[in-house]
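Working notes, structure below.
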Amino acid sequence: MQESREQWGSKMGFLLAAIGSAVGLGNIWRFPYVVYSNGGGAFLIPYFCAIFTAGIPLLILEYGIGHKFKGSTPLSLSRVNKKFEWLGWWPIISSAIILCYYSMILSWSVKYLTLSFNKGWGQDSDTFFYNDFLKLSESPLHFGGIVWPILMGIALIWIINWFICYKGIKAGIEKASKILLPCLLIIMIIIVIRGVTLKGAEVGLNTLFTPNLEKIKDPQVWISAYGQVFFSLSIGTGIMMTYSSYLPPKTDINNSAFMTAFANCGFEFLSAIGVFAILGAMATSQGVSVDEVVTSGIGLAFIAFPKVFTIMGVWGNILGVLFFTCLMFAGITSSVSLVEAISASIIDKFGLKRKKVVTIMCLVGFLISTVFATNAGLYLLDIMDNFINNYGIVVVGLLESFVIGWVLNPNVIRDHTNAISYFKIGKWWNIIIKYITPTLLTLTLIQSLITEFKTPYGGYTLTSLFLFGWSVIAFGIICAVLISKKPWKKEAL
Ligand code: PHE
């Protein structure tokens, strides 16, 4: 075992960092739209099912493995069983890819933050976003050139990532989370209070929460629920294992898992309420229905919202600045967690120094991210995000539950976490990990595959989906297997 493994300064610090990773762009732009398009209030049924049958049990599992085996994700998994080291590398590679497109969205947020002071997107936020700002090409295969303002934003994000991770766990990540997360919460509460007191807010909230029970029968809705919960809780990406490996020996793991899930869930609701209250107000003021002002994920933050801010007068400027600051703060704590999961694995595997690894990684990461600063960036993001979420992360979750449930024995993890936790988890957890999570995730996966083959994602050509979707998944698995063949330096095992 390595002796000099860093530790969090306090359990609170760990919790804030874990919540910081979970609360991200997914909570603010993804969740509200996912709820709305999947049956409104009725979506809450599959959503809570996903939280209790996969989210929390897997969080306990990931925290438990990381804490018991005290290593980055690949190291911990190879300590569980050498044969499964590759399963620790796959999420790390997925994280690297997520990180590159995540930095692009963050770069947009930075730009929009500066624009919101004078509503620089003008009257037509739609055209501004696609044509003037992204200069979007006609298809994913037409890269065009580099869009410099986006590249500069990406560089800034990588510098911030570097700055925080370079300083390490306690002085870097823990400190940043302690500052950013409370600020984020305060800003979000201001947005929500202002949002719900606007005229017409209730129309938005009704649209959001009115249940369309028919939708629950649609398997696609269940897939979205599991996808959202995985992405939102940062499960299956190696982060939670890495973070819990920095905890001192006696820490209440079970309680931390529940706290992380509930805090994330609470934040998700808070932002959905804020977003829909504001959309309701705008629909009312224009005399149209809310359905006409809602657009999909990215469009919500970068098209619909700017439009609302434009018609709002000075409150539009204030809310604009607050909203994009929120996106930035939420995104930075998440992107830092991705950097940490990756660098911790490299540090463990090759026995290198943190500062060197973080510096080289941020430089390489920045270079790879330039692909997203081309005219095809948005398409690449869209395709990769879909494939990594539906197939990458969910399959890792499935395999983790299989390895612990069937190869290791769930009692090993449960006994470990129960021994140090005030709140004990019962045998139900074994049943969930052994039978329920794998079954539900397999069904979800089969259903996504069927849908994928029936209607290729997003109307893209098969070549694009093959190049930027399927190949990315295959690349992740192949690299994972290859890296796991290399021996560990530093006698890590
Ligand atoms: N959980 C983050 C969010 O909701 C996203 C994320 C996913 C971060 C995976 C890290 C890893 O936006």
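The values are calculated or read from the model by the stated rules, or taken from the named source; none is laboratory data. Note that the structure is predicted; figures quoted are calculated from it, not measured. As a convention, Cβ positions derive from the backbone with ideal geometry for all residues, glycine included, and neighbour counts pool all protein chains shown.
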From Ile431, Ile420, Ile413, Ile383, which residue is over 22 Å from the mean Cα position of the chain (by Cα), under 23 Å from Ala225 (Cβ atoms) and hydrophobic (A, V, I, L, M, F, W, C)?
Ile431
Residues satisfying the stated conditions in region 119-175, i.e. among the polar types (S, T, N, Q) and surrounded by 15 or more Cβ atoms within 10 Å (Cβ to Cβ):
Ser125, Ser137, Asn161
Within region 236-259, take every residue that is in contact with an Asp or Glu (Cβ under 8 Å, 6 or more places away or on another chain) and at pLDDT 95 or above and give me the one that is surrounded by the fewest Cβ atoms within 10 Å (Cβ to Cβ).
Tyr246
Could you go through region 71-86 and let me know if any residue there is assigned to a helix (DSSP H, G or I), of a type outside the set (Lys, Arg), within 14 Å of the ligand (Cβ to nearest atom) and under 20 Å from Phe475 (Cα atoms).
yes
For Leu300, which of the numbered conditions (1) within 16 Å of the ligand (Cβ to nearest atom); (2) modelled with pLDDT of 90 or more fails to hold?
(2)
Options Pro140, Pro91; residue that is of a type outside the set (A, V, I, L, M, F, W, C), closer than 30 Å to Ala474 by Cα and within 16 Å of the ligand (Cβ to nearest atom)
Pro91
Pull up region 14-37, narrow it to residues that are near the ligand (Cβ under 7 Å from one of its atoms) and closer than 18 Å to Ile187 by Cβ, then point me to the one that is surrounded by the most Cβ atoms within 10 Å (Cβ to Cβ).
Val23
Within region 326-348, does at least one residue satisfy the condition of being more than 14 Å from the ligand (Cβ to nearest atom), surrounded by fewer than 19 Cβ atoms within 10 Å (Cβ to Cβ) and not in a loop (DSSP other than H, G, I, E, B)?
no
Within 16 Å of the ligand (Cβ to nearest atom) and either of a type in the set (Ser, Thr, Tyr) or touching a residue at least 24 places away in the same chain (Cβ under 8 Å) (or both): does that describe Ile97?
yes
